[in-house]
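Undergrad: Got a structure for you, questions after.
The values are calculated or read from the model by the stated rules, or taken from the named source; none is laboratory data. All of these numbers come straight from a predicted model, not from anything done at the bench. For neighbour counting, all protein chains shown are included, and Cβ atoms are generated from backbone atoms with ideal geometry for every residue, glycine included. Just so you know, the surface numbers come from the protein's heavy atoms only, side chains and all, with ligands and any DNA or RNA stripped out. Shrake-Rupley method; radii C 1.70, N 1.55, O 1.52, S 1.80 Å.
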Amino acid sequence: MPVFDYECKNCGKVFEELVMSSSTPDSDIECPGCGEHNSIRRMSAPSIGGGSSSFSSAAGCGSSGFS
Ligand SMILES: [Zn+2]
């Protein structure tokens, strides 16, 4: 299951939330700091495998024959 970063627009707290579905509306996310449902999802790169992402981006440079 994906974990997303959220930022509360009420108190400014940034937190990670495990969501069951990517279609979960932001209004379903409760801020652990103030309890308000006023958080927005932050667009950040997933930290899967952390640290080796530079390799894949370099390998994909100029290559359009992926499919
Ligand atoms: Zn809050």
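Undergrad: How far apart, in nanometres, would the label points at D26 and N10 be if each is projected 7 angstrom from Cα along the Cα-to-Cβ direction?
TA: 1.5 nm
Undergrad: Shifting gears a bit: Run the 1.4 Å probe and let me know the accessible area of S27, rounded to the nearest 10 Å².
TA: Counting only protein heavy atoms, S27 exposes about 70 Å² to solvent.
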